[in-house]
């Protein structure tokens, strides 16, 4: 069986600096509003009144760095009407932009919002796992950029053997939907997917 390439993310080490996000944009020369890697700030908690003061109670927050998960069952591939979206033998999901008609079906189908529309070119774009770099034996740009080494990539089974089988925490959707090629070490405050009490604080970002 061919190796299935996967991202590993250590949420316990992530400080939400977004260096990975910037490195991805820089390496791929992405336009404003197109972000192949995004860092979500997920937080929550409550307040209790003690006398005349309000005291924070169960306050938490953590970062989740997310790109395309090059899923086992990628919905983006299954809904593409032209066959522009396809999956290689090593699990990397790519777009043949010569075949793409910009219908955006893949964008709507992906629970992670990975495929993103380039208005200037009229086609879909997404993380390609820095295929040019990994072909030369190098890491994806986001992996090498992380100052806390919270990102890595490699063979899915090897990563699972080393770090476990967790592939979803809030605010990500349940892993059962597409079976993402993703391995996560949760932050100590991480909440199970679908059972969160917090919210994403930085959705309006346009970087």
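Please work out if residue 120 is under 17 Å from residue 35 (Cβ atoms), out of contact with any strand residue (DSSP E or B) (no Cβ under 9 Å at 6 or more places or on another chain) and surrounded by fewer than 18 Cβ atoms within 10 Å (Cβ to Cβ). Even if it seems obvious, please write down each step before you answer.
Details: under 17 Å from residue 35 (Cβ atoms): yes; out of contact with any strand residue (DSSP E or B) (no Cβ under 9 Å at 6 or more places or on another chain): yes; surrounded by fewer than 18 Cβ atoms within 10 Å (Cβ to Cβ): yes.
Considered against the rule, which asks whether it is under 17 Å from residue 35 (Cβ atoms), out of contact with any strand residue (DSSP E or B) (no Cβ under 9 Å at 6 or more places or on another chain) and surrounded by fewer than 18 Cβ atoms within 10 Å (Cβ to Cβ), residue 120 comes out as yes.
Residues of region 165-206 being out of contact with any helix residue (DSSP H, G or I) (no Cβ under 9 Å at 6 or more places or on another chain), within 24 Å of residue 6 (Cβ to Cβ) and not in a loop (DSSP other than H, G, I, E, B), which ones?
Once the filter is applied, which keeps residues that are out of contact with any helix residue (DSSP H, G or I) (no Cβ under 9 Å at 6 or more places or on another chain), within 24 Å of residue 6 (Cβ to Cβ) and not in a loop (DSSP other than H, G, I, E, B), region 165-206 yields only 200.
Out of curiosity, is residue 115 within 17 Å of residue 156 (Cβ to Cβ), modelled with pLDDT of 95 or more and in contact with a strand residue (DSSP E or B) (Cβ under 6 Å, 6 or more places away or on another chain)? Can you show your working first?
Details: within 17 Å of residue 156 (Cβ to Cβ): no; modelled with pLDDT of 95 or more: yes; in contact with a strand residue (DSSP E or B) (Cβ under 6 Å, 6 or more places away or on another chain): yes.
It is false that residue 115 is within 17 Å of residue 156 (Cβ to Cβ), modelled with pLDDT of 95 or more and in contact with a strand residue (DSSP E or B) (Cβ under 6 Å, 6 or more places away or on another chain).
Would you mind telling me which numbered condition in (1) surrounded by 13 or more Cβ atoms within 10 Å (Cβ to Cβ); (2) within 18 Å of the chain's Cα centre (by Cα) residue 60 fails?
(2) is the only condition that residue 60 fails.
If only one of 147, 140 is under 16 Å from the mean Cα position of the chain (by Cα) and either under 15 Å from residue 65 (Cα atoms) or modelled with pLDDT under 95 (or both), which one is it?
That would be 140, the only listed residue that is under 16 Å from the mean Cα position of the chain (by Cα) and either under 15 Å from residue 65 (Cα atoms) or modelled with pLDDT under 95 (or both).
Would region 42-58 turn up any residue that is out of contact with any strand residue (DSSP E or B) (no Cβ under 6 Å at 6 or more places or on another chain), in contact (Cβ under 8 Å) with a residue 60 or more places away in the chain and either within 21 Å of residue 155 (Cα to Cα) or assigned to a loop (DSSP other than H, G, I, E, B) (or both)?
no
Determine if region 64-86 includes at least one residue that is modelled with pLDDT of 95 or more, surrounded by fewer than 19 Cβ atoms within 10 Å (Cβ to Cβ), under 15 Å from the mean Cα position of the chain (by Cα) and part of a loop (DSSP other than H, G, I, E, B).
yes
Just the residues that are in contact with a strand residue (DSSP E or B) (Cβ under 9 Å, 6 or more places away or on another chain) and surrounded by fewer than 19 Cβ atoms within 10 Å (Cβ to Cβ), please, taken from region 159-188. Full working, then the answer.
Step one: filter region 159-188 for residues in contact with a strand residue (DSSP E or B) (Cβ under 9 Å, 6 or more places away or on another chain), giving 159-160, 162-172, 175, 180-188.
Within region 159-188, 160, 162, 163, 164, 165, 166, 171, 185, 188 meet the criteria.
Please count how many residues of region 14-34 are part of a loop (DSSP other than H, G, I, E, B) and farther than 18 Å from residue 168 by Cβ. Break it down stepwise before answering.
Taking region 14-34 first, the residues part of a loop (DSSP other than H, G, I, E, B) are 14-18, 29-34.
The next check asks that each one be farther than 18 Å from residue 168 by Cβ; those that pass are 15-18, 29-34.
Residues flagged as part of a loop (DSSP other than H, G, I, E, B) and farther than 18 Å from residue 168 by Cβ within region 14-34 amount to 10.
If you scan region 189-207, which residues turn out to be closer than 13 Å to residue 166 by Cα and loosely packed, with under 13 Cβ neighbours inside 10 Å? First the steps, then the outcome.
Start the filter on region 189-207 by keeping residues that are closer than 13 Å to residue 166 by Cα, which leaves 190-193.
Result: 192, single match.
The values are calculated or read from the model by the stated rules, or taken from the named source; none is laboratory data. Remember, predicted model here, so these are calculated numbers, not experimental data. Every residue, glycine among them, receives a Cβ derived from its backbone with ideal geometry; neighbour counts consider all protein chains shown.
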